[in-house]
Amino acid sequence: MKTRKQCVILVALLCTLTGMAADNNQKKVFTTVKANPITSIKNQNKSGTCWDFATIGFLEGEILRATGKTYDLCEMFVASNDYVDCAEYHVRMHGNSRFSEGGSCDDVIEVIRRHGICPEQAMPRPGTLVGDTLANFNEFFAVLEPYVKSVANDTKKRLSTQWKAGLQGILDAYLGKKPETFTYEGRSYTPQTFAQSLGINLSDYVSLTSFTHHPFNEWFVIEAPYKWRPRPSFNIPLQEMMKTIDDTLASGYNVAWGGDVSGNGFSRKGTAALADSLHLKVTQEQRQQLFDQWDSTYDHVMLIYGTAKDQDGKDHYMVKNSWGKAGDYEGTWYMSKEYIALYTTYVFLNRHALTDDLLQRMATANR
């Protein structure tokens, strides 16, 4: 996934070229309609780990909603485990898959299911091992990525298992060793027992999408490069997807969002809105055309936690980003409903927020 710096550069370039997303010198004013509880805004800094930060933030919000407890869970624990999984998959595919910093919400769920999780303080603070105060993958991935690709593209007929030890050595050197046990609030845990203590059920979370190159009311794996782990999303019409987002937020649940932030209208100042001429033209067909022509891609993950109106009465979603206190609204982005409708790749949410009818269709569809 794009780092904060890469996204800012790309968005700035697009704004200059098209003129459609030029930042207004006057800061927009938004009035909150509904805001669900979230944990503090983090900063992925120089790392392509938006998928990790956003999903961890989503789960922290789920724990807060379910138990009233606030946790700061460790994104680098997830990253370390997930890059092992991704590397093993890449090698099994003989290099015919993507190995990169990017990922998806499904990766975080699978890592916690298999390996558990730990609090932030159980591992070195991100970036500290390379002399930074925040996550910095510049040197790290310049070492890790060619290492994995050299193994996957090896011309030998047989691999030893030692490449896995080398891989883990690189991960430990740059992210820190994952703890086998740790103490949190006076109690001893393993990552697995800590995950079990958090009060959430990892089987509750599902992914929804809306495209026409697959039938509605069926599961399919979205053809997006950063979604390397082949986990399916349930396909529903656009209008139903948007209503599901609204109903989920209204019922007190948050929504993790994966989509495109290099589309026309995404501003580095903290807003995302389509040009006026596009406001009434977001259709199923338009979404599909942009996706098929690569005009809409999957390059960022954030957390939708509420709704708001701007000074003109237009509806927006309140979105928690992972770029620290960037933008005019200290890390929150106000994204118009039209923008979300056009540029969503998938949404990730708690199945308990869904209607009985949708749950029934999901249960009876082939997966």
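Coordinate-derived values only; no laboratory data. Not measured: the values here are computed from a predicted model. Ideal geometry is used to build each Cβ from the backbone, glycine not excepted, and the neighbour counts take in all protein chains shown.
If the only charges are +1 at each Lys and Arg Cβ and -1 at each Asp and Glu Cβ, what is the size of the charge dipole of the chain around the Cα centre, to the nearest 20 debye?
Rounded to the nearest 20 debye, it is 560 debye.
Of the listed pairs K27/K69; K46/K227; K46/K314, which have alpha-carbon separations greater than 23 Å here?
Values: K27/K69 34 Å; K46/K227 20 Å; K46/K314 34 Å.
Pairs exceeding 23 Å: K27/K69; K46/K314.
What ³J(HN,Hα) values, in whole Hz, does the Karplus curve 6.51 cos²θ - 1.76 cosθ + 1.60 give for region 122-137 when θ = phi - 60°, with x put for Gly and Pro?
7, 10, x, 4, x, x, 5, 6, 10, x, 10, 9, 9, 3, 9, 9
With n ≥ 4 as the cut-off for DSSP H runs, can you work out [θ] at 222 nm for the chain, using -39500 (n - 2.57) per run divided by the number of residues, rounded to the nearest 500? Before the final figure, lay out the partial values.
Details: 11 runs with 135 residues, N = 367.
Mean residue ellipticity at 222 nm (helix-derived): -11500 deg cm²/dmol.
Rounded if a/c is under 1.5, else prolate if a/b is larger than b/c, else oblate: which is region 282-322, with a ≥ b ≥ c the root eigenvalues of its Cα gyration tensor?
oblate
Over region 191-250, what per residue volume does the convex hull of the Cα atoms give, in whole Å³? All intermediate terms of the calculation are to be shown ahead of the outcome.
Numbers: hull volume 7.2 nm³, N = 60.
Hull volume normalised by residue count: 120 Å³.
Could you work out the percent of alpha carbon pairs in region 216-362 separated by over 25 Å, rounded to a whole number? Write out the running numbers ahead of the final one.
Working: 2741 of 10731 pairs.
Looking at region 216-362, the distances longer than 25 Å represent 26 percent of pairs.
Run the numbers on region 225-367 and let me know its relative contact order in percent, using alpha-carbon pairs under 8 Å that are six or more apart.
Working: 205 pairs, mean separation 45.5, N = 143.
Relative contact order comes out at 32 percent.
For region 85-140, what does the alpha-carbon gyration tensor say about shape, rounded, prolate or oblate, given a ≥ b ≥ c as the root eigenvalues, a/c under 1.5 as rounded, and a/b over b/c as prolate?
On the way: a/c = 2.70, a/b = 1.38, b/c = 1.96.
In terms of gyration-tensor shape, oblate.
Is region 235-290 rounded, prolate or oblate when judged by the Cα gyration tensor, a ≥ b ≥ c being the square roots of its eigenvalues, rounded requiring a/c under 1.5 and prolate requiring a/b larger than b/c? Before the final figure, lay out the partial values.
Values: a/c = 1.90, a/b = 1.23, b/c = 1.54.
Oblate, since a/c reaches 1.5 and b/c is not below a/b.
Explain nothing, just compute: Karplus ³J(HN,Hα) = 6.51 cos²θ - 1.76 cosθ + 1.60, θ = phi - 60°, for every residue of region 28-34 in order, whole Hz, x for Gly and Pro.
Residue by residue, region 28-34 yields 6, 10, 10, 10, 5, 9, 8 Hz.
Show me the trypsin sites (Lys or Arg not before Pro) within region 301-338 that DSSP assigns to loop and that have at most 16 other Cβ atoms within 10 Å of their Cβ.
On the way: sites: K309, K314, K320, K325, K337; in loops: K314, K325.
Answer by residue number: K314, K325.
Using all alpha carbons of region 27-129, what is the percent of pairwise distances in each 10 Å bin, ordered from the shortest bin to the longest?
P(r) for region 27-129, in whole percents per bin: 14, 40, 29, 13, 4, 0.
Counting other Cβ atoms within 10 Å, keep those with at most 16, restrict to DSSP loop, and tell me which trypsin sites (Lys or Arg not before Pro) in region 123-219 are left.
Here the trypsin sites (Lys or Arg not before Pro) that fit, given the DSSP loop and packing criteria, are K156, K157, R158, K177.
If contacts are Cα pairs under 8 angstrom and at least 6 residues apart, what is the relative contact order of the chain in percent?
Contact order relative to length: 25 percent.
If amide H atoms are built 1.01 Å from N in the plane of the peptide, which residues on other chains or at least 5 residues away come under 5 Å of the amide H of S267?
A272, A273
So what are the ³J(HN,Hα) numbers for region 228-241, from phi and the Karplus equation (6.51, -1.76, 1.60; θ = phi - 60°), rounded to whole Hz, Gly and Pro as x?
3J(HN,Hα) across region 228-241, in whole Hz: 5, 7, x, 10, x, 10, 8, 9, 9, x, 4, 4, 5, 4.
Bin width 5 Å, alpha-carbon pairs only: give the P(r) of region 90-243 as whole percents, running from 0 to the bin holding the largest distance.
Spelled out per bin, shortest first, that is 2, 7, 12, 14, 16, 16, 14, 10, 7, 2, 0.
Based only on Cα atoms, what Rg/Rh ratio does region 310-362 have, Rh being taken as Kirkwood's radius?
Numbers: Rg = 14.8 Å, Rh = 13.6 Å.
That ratio is 1.09, to two decimals.
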